[in-house]
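Comments concern the structure below.
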Amino acid sequence: MGKKQIMLPANEVDLTAVKYVPEKIEAPHLTGLWFKLFVKVMEAPVIGSLIASHLKEKNGITEILKNTVIPEVPMFIPQFPLQEPEPGVVCLEEDGKPEERVALALKCLPHYDPTCRWSSDSGEPFQFRYWKIRDYGYAYRSKLTTPSMVAEHFISAMEVFNSKQQSAPLLISFDPEEVRRQAAASTQRFEEGIFIC
């Protein structure tokens, strides 16, 4: 490896005293068919890289790039303005305790009001809604319903659905007795105070 050449910073260079001396570059002068052939050879996987490295070394490009130190600061440094904290955004610390992180995450969830799930404006109790795990867990713990009652509602709904002309046996296949057995075991767990969810 050659000796490093340290250049002057651009603001210290006296442009009136500097004369531009063009470098003598040695490269093949090709046109036409010979140029096409040279391009094909240069694009070849092994031969092309060997020819390119030979031409770079012959013309001093490698020496200029590797052995020259240019003491210039970058012309562009990306700087981003400080962002205002967004409302409703909570930042979790990665090094924080898991309990604190869960507590912060729970604050981000919408307020859960179970009464809206169990009352309706039309006066009909238990109208159809898309229940989530949270709704079922609340209903089971507060003894508003049991897994056995939910299973019976599901089985009766499937019997009504299957009695229609266009049943959907491919969509839902289940054994009613197995569903009842699992629901009874789940109901017993909730009565004993063993909550899974």
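The values are calculated or read from the model by the stated rules, or taken from the named source; none is laboratory data. Small disclaimer: the values here were computed from a predicted structure and weren't measured. Because the Cβ atoms are built from the backbone with ideal geometry, glycine has one as well, and the counts that use them run over all protein chains shown.
Miscellaneous remarks
Rundown of residues vs (1) under 39 Å from the mean Cα position of the chain (by Cα); (2) modelled with pLDDT of 85 or more, yes/no style:
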| position | (1), (2) |
| --- | --- |
| THR115 | yes, no |
| TYR138 | yes, no |
| LEU144 | no, no |
| ALA151 | yes, yes |
| ALA157 | no, no |
| LEU171 | yes, no |
| ARG181 | no, yes |
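- For the range 95-107, taking the residues that are part of a helix (DSSP H, G or I) and charged (D, E, K, R), the one that is nearest to ARG134 (Cα to Cα) is identified as LYS107.
- Looking at THR68, THR62, just one residue is in contact (Cβ under 8 Å) with a residue 60 or more places away in the chain and surrounded by 11 or more Cβ atoms within 10 Å (Cβ to Cβ), and that residue is THR68.
- Screening ILE194 against (1) within 39 Å of the chain's Cα centre (by Cα); (2) modelled with pLDDT of 80 or more leaves a single unmet condition, (2).
- Helices (runs of 4 or more DSSP H) wholly inside the range 1-94 that include at least 1 residues being modelled with pLDDT of 80 or more and of a type in the set (Ser, Thr, Tyr): 47-59
- For the range 24-43, the set of residues classified as of a type outside the set (A, V, I, L, M) and surrounded by 10 or more Cβ atoms within 10 Å (Cβ to Cβ) consists of TRP34, PHE35, LYS36, PHE38, LYS40, listed by residue number.
- Residue among VAL13, VAL46, VAL21 that alone is surrounded by 10 or more Cβ atoms within 10 Å (Cβ to Cβ) and not assigned by TED's automatic domain parsing to the domain that holds GLY137: VAL13
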